[in-house]
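The values are calculated or read from the model by the stated rules, or taken from the named source; none is laboratory data. Keep in mind that this is a model prediction, so the values were computed, not measured. Note that we place each Cβ from the backbone using ideal geometry, even for glycine, and neighbour counts take in every protein chain shown.
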């Protein structure tokens with residue numbers, strides 16, 4: 001790693017960007033960072049107080065799995081074989097051990113598997129500060145969807161796993177090993193998704209921002225896994241703390257942004273493609289029955305959603321300069 005990278009990271013911090021993301025795969029796309037310079041990058045990030053977030057899938061395992069099936073077609077259902085849960089386990093383990101050797105925190109994005117959760121717990125037992133998020137699709141959907149017509153709508157990386165992985169991840173949320181639920185929201189349209197039937201080239205990612213609150217409330221709170229206060233922590237206060245935005249975001253303390261959701265816990269609805277607002281034009285949760293609904297959303301004291309319809313103004317968003325990530329304050 002040369003001095004230019006350090007200067008760029010310093011410039012990012014001065015701008016208010018205090019987290020970076022690295023990929024442990026996607027070598028052909030140019031995202032992958034070789035393992036040798038990673039420790040140096042980690043050292044600089046620790047020195048600057050930057051959170052390193054990691055897309056954790058071991059590229060060597062993925063390449064080896066790909067070779068085993070290279071003479072076959074690559075339908076969507078093959079993606080969990082190529083991008084196996086062992087690839088997630090190995091990447092989290094390797095990069096977590098680097099972070100542990102430097103006594104610095106890391107953040108694992110979109111945890112997908114019980115094996116990934118296994119290594120998170122192993123690292124935590126060894127004293128490594130690992131902040132972990134998962135997503136609604138890894139909590140509720142399975143790779144059975146990748147075996148059906150229209151499988152492209154359910155393809156993302158890491159891929160969907162088994163029902164046992166759903167259950168294990170909910171367990172990780174309950175235990176606190178997973179402290180954040182996010183979306184990994186992608187708005188690829190159906191036209192884009194259906195350009196390919198090859199699991200290696202289908203645009204990876206699904207929409208989910210609009211559905212997240214209802215799904216986590218329905219399958220988490222209403223099923224008795226945790227209470228509404230923990231839901232607020234998972235979706236709001238913990239993400240804000242992790243990325244240095246608390247208490248301006250994620251709290252209702254005096255003097256902070258007046259961001260409020262007025263939520264009807266008894267509303268019932270069915271998520272459908274035709275009642276979504278995403279630019280993707282579909283939802284992977286089509287047909288799912290959910291409870292609860294955000295009746296009103298207030299951003300910085302102004303109503304931006306009323307009775308299910310957006311009432312805000314385009315361009316009203318603001319760049320938020322982030323402070324020190326929460327894990328560095330522990």
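For the range 1-43, the tally of residues that are in a helix (DSSP H, G or I) and under 23 Å from residue 132 (Cβ atoms) stands at 6. Scanning the range 218-248 for residues that are under 15 Å from the mean Cα position of the chain (by Cα) and more than 11 Å from residue 323 (Cα to Cα) yields 234, 235, 236, 238, 239. Among the residues of the range 211-221, is there at least one that is in contact (Cβ under 8 Å) with a residue 12 or more places away in the chain and either assigned to a loop (DSSP other than H, G, I, E, B) or within 27 Å of residue 90 (Cα to Cα) (or both)? No, the range 211-221 contains no residue that is in contact (Cβ under 8 Å) with a residue 12 or more places away in the chain and either assigned to a loop (DSSP other than H, G, I, E, B) or within 27 Å of residue 90 (Cα to Cα) (or both).
Of the residues making up the range 144-171, those that are part of a helix (DSSP H, G or I) and touching a strand residue (DSSP E or B) at 6+ places or on another chain (Cβ under 6 Å) number 1.
Would you call residue 193 over 16 Å from the mean Cα position of the chain (by Cα), surrounded by 22 or more Cβ atoms within 10 Å (Cβ to Cβ) and over 30 Å from residue 39 (Cα atoms)? So residue 193 fits the description; yes.
For residue 274, the conditions (1) farther than 26 Å from residue 153 by Cβ; (2) loosely packed, with under 14 Cβ neighbours inside 10 Å; (3) out of contact with any helix residue (DSSP H, G or I) (no Cβ under 8 Å at 6 or more places or on another chain) all hold with the exception of (1). Go over the candidates 241, 318 one by one and state the one that is within 30 Å of residue 106 (Cα to Cα), out of contact with any strand residue (DSSP E or B) (no Cβ under 9 Å at 6 or more places or on another chain) and loosely packed, with under 14 Cβ neighbours inside 10 Å. One residue alone meets the criteria, 318. Being in contact with a helix residue (DSSP H, G or I) (Cβ under 7 Å, 6 or more places away or on another chain), touching a residue at least 12 places away in the same chain (Cβ under 8 Å) and either more than 25 Å from residue 270 (Cβ to Cβ) or not in a loop (DSSP other than H, G, I, E, B) (or both) is a description that applies to residue 290. Would you confirm, using the coordinates I've provided, whether residue 264 is free of Cβ contacts under 8 Å to residues at least 40 places away in the same chain, in contact with a strand residue (DSSP E or B) (Cβ under 9 Å, 6 or more places away or on another chain) and closer than 22 Å to residue 303 by Cα? So residue 264 fits the description; yes.
Among the residues of the range 278-307, just one is surrounded by fewer than 14 Cβ atoms within 10 Å (Cβ to Cβ), under 24 Å from the mean Cα position of the chain (by Cα) and within 24 Å of residue 239 (Cβ to Cβ), namely 279.
Among residues of the range 172-210 being without any contact (Cβ under 8 Å) to a residue 12 or more places away in the chain and in a helix (DSSP H, G or I), the one that is nearest to residue 28 (Cα to Cα) is 192.
Scanning the range 66-92 for residues that are part of a helix (DSSP H, G or I), surrounded by fewer than 19 Cβ atoms within 10 Å (Cβ to Cβ) and modelled with pLDDT of 95 or more yields 77, 81, 86. The number of residues in the range 127-139 that are out of contact with any helix residue (DSSP H, G or I) (no Cβ under 6 Å at 6 or more places or on another chain) and either in a loop (DSSP other than H, G, I, E, B) or over 30 Å from residue 103 (Cβ atoms) (or both) comes to 3.
Out of (1) surrounded by fewer than 21 Cβ atoms within 10 Å (Cβ to Cβ); (2) assigned to a loop (DSSP other than H, G, I, E, B), what's the single condition that is false for residue 100? Single failed check for residue 100: (2).
Would you confirm whether any residue within the range 157-175 is under 22 Å from residue 287 (Cα atoms), under 17 Å from the mean Cα position of the chain (by Cα), surrounded by fewer than 19 Cβ atoms within 10 Å (Cβ to Cβ) and at pLDDT 95 or above? No - not one qualifying residue is present in the range 157-175.
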